[in-house]
Amino acid sequence: MTLVRYESADHVATITMDRVSSHNALNNALCDELQNAWRRFRDSDDRVAVLASAEEKYFCVGADVRDFPANMWQAVPGLGVELDKPVIAATSGWVVGGGFVLVQMADICVASETTRFVYPEAKIGTTGGGVSSVLARMPHKIAMEFLLVGEELSAERAYQIGFVNRITPPGQHLAAALELAAKIAGNAPLVVQALKKLARDAMPKGPLETVAEVRRQLDAIKDSDDLKEGARAFSEKRKPRFTGR
């Protein structure tokens, strides 16, 4: 991977977006690499992941308008790849649009005091709908103001309403997130995963979460060896030999 770095230490995965030339604008390539990183995390011995940016002034500026991603939902933790392991977002600077959705779907957020959240779709004139799940993660009227007005939300305000867990001085957000991740990684993994799954199942789901769950199942069939075998068997007029893969 060239746009996402995956580093593992002491059962903690640090997943770093590194498309610095475009301030981590989400194009198809970055989204593909993020999805691959979430798959690697899911299948690894790592117990908790920290999602971060390689630059201080920008966490992510959202969708790349010059290379708009058709697969942006697949880059989002818990949507493109179902995860029973916790994810911590470590943010600084601007967190815009699709970047906000990445943080929204994380379990915990540690934010530098420089963090500025903004979701500008109402001002731009388009929406992908993924942000609707924020209504399960912010008080209703504050979330609606954030979405409909489209103005920035400071780290301090996000902390006050419970969207951010901890605020750090500039440059210390990643270290604080890793410290928190180490504490989680030291706990009983089966219990941590069970608690995450139970909490996820208890939380109201937005429309995109429901669609993503169906897409994950259907995509697995579409990409399966059994589908290829079924097509070959049909053309060769024989009984298919399915393997469940």
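Quick rundown of the values:
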| read-out | value |
| --- | --- |
| Search result, residues across segment 143-153 that are open to solvent by 40 Å² or more (accessible area, probe 1.4 Å) and either within 22 Å of Asn165 (Cβ to Cβ) or outside any loop (DSSP other than H, G, I, E, B) (or both) | Met144, Glu145, Leu148, Val149, Glu152 |
| Residue list for segment 192-220, restricted to those being at pLDDT below 75 and either more than 20 Å from Asn36 (Cα to Cα) or not acidic (Asp, Glu) (or both) | Gly206, Pro207, Leu208, Thr210, Val211, Ala212, Val214, Arg215, Arg216, Gln217, Leu218, Ala220 |
| Complete set of residues in segment 40-89 that are surrounded by 20 or more Cβ atoms within 10 Å (Cβ to Cβ), β-branched (Val, Ile, Thr) and either in contact with a Gly (Cβ under 7 Å, 6 or more places away or on another chain) or assigned to a loop (DSSP other than H, G, I, E, B) (or both) | Val61, Val76 |
| Matching residues in segment 174-197 - criterion: being more than 21 Å from the chain's Cα centre (by Cα), open to solvent by 60 Å² or more (accessible area, probe 1.4 Å) and hydrophobic (A, V, I, L, M, F, W, C) | Leu190, Val191 |
| Scope segment 162-184; condition outside any helix (DSSP H, G or I) and either closer than 18 Å to Met105 by Cα or not hydroxyl-bearing (Ser, Thr, Tyr) (or both); matching residues | Gly162, Phe163, Val164, Asn165, Arg166, Ile167, Pro169, Pro170, Gly171, Gln172 |
| Condition broken by Ser92, with the remaining ones in (1) more than 13 Å from the chain's Cα centre (by Cα); (2) open to solvent by 20 Å² or more (accessible area, probe 1.4 Å); (3) of a type in the set (S, T, N, Q) satisfied | (2) |
| Any chance Val164 is touching a helix residue (DSSP H, G or I) at 6+ places or on another chain (Cβ under 8 Å), at pLDDT 95 or above and under 29 Å from Lys197 (Cβ atoms) | yes |
| Members of segment 107-130 found to be crowded, with 24+ Cβ neighbours inside 10 Å and assigned to a loop (DSSP other than H, G, I, E, B), listed by number | Thr115, Tyr119 |
| Output for segment 31-54, where each listed residue is out of contact with any Asp or Glu (no Cβ under 8 Å at 6 or more places or on another chain) and among the hydrophobic types (A, V, I, L, M, F, W, C) | Cys31, Leu34, Ala37, Trp38, Phe41, Val48, Ala49, Val50, Leu51, Ala52 |
| Test result for Asp32, assigned to a loop (DSSP other than H, G, I, E, B) and modelled with pLDDT of 95 or more | no |
| Verdict on Ala37 being assigned to a helix (DSSP H, G or I) and open to solvent by 40 Å² or more (accessible area, probe 1.4 Å) | no |
| In segment 1-16, the residues that are assigned to a strand (DSSP E or B), surrounded by fewer than 17 Cβ atoms within 10 Å (Cβ to Cβ) and touching a residue at least 24 places away in the same chain (Cβ under 8 Å) | Arg5, Ser8 |
| In segment 17-33, the residues that are out of contact with any Leu (no Cβ under 8 Å at 6 or more places or on another chain), within 29 Å of Val192 (Cα to Cα) and open to solvent by less than 30 Å² (accessible area, probe 1.4 Å) | Cys31 |
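The values are calculated or read from the model by the stated rules, or taken from the named source; none is laboratory data. Nothing here was measured: the structure is a model prediction, and the numbers come from that model. All Cβ positions, glycine included, derive from the backbone under ideal geometry; neighbour counts span all protein chains shown. Side chains are part of the model used for accessible areas, which takes the heavy atoms of the whole protein and leaves out ligands, DNA and RNA. Shrake-Rupley method; radii C 1.70, N 1.55, O 1.52, S 1.80 Å.
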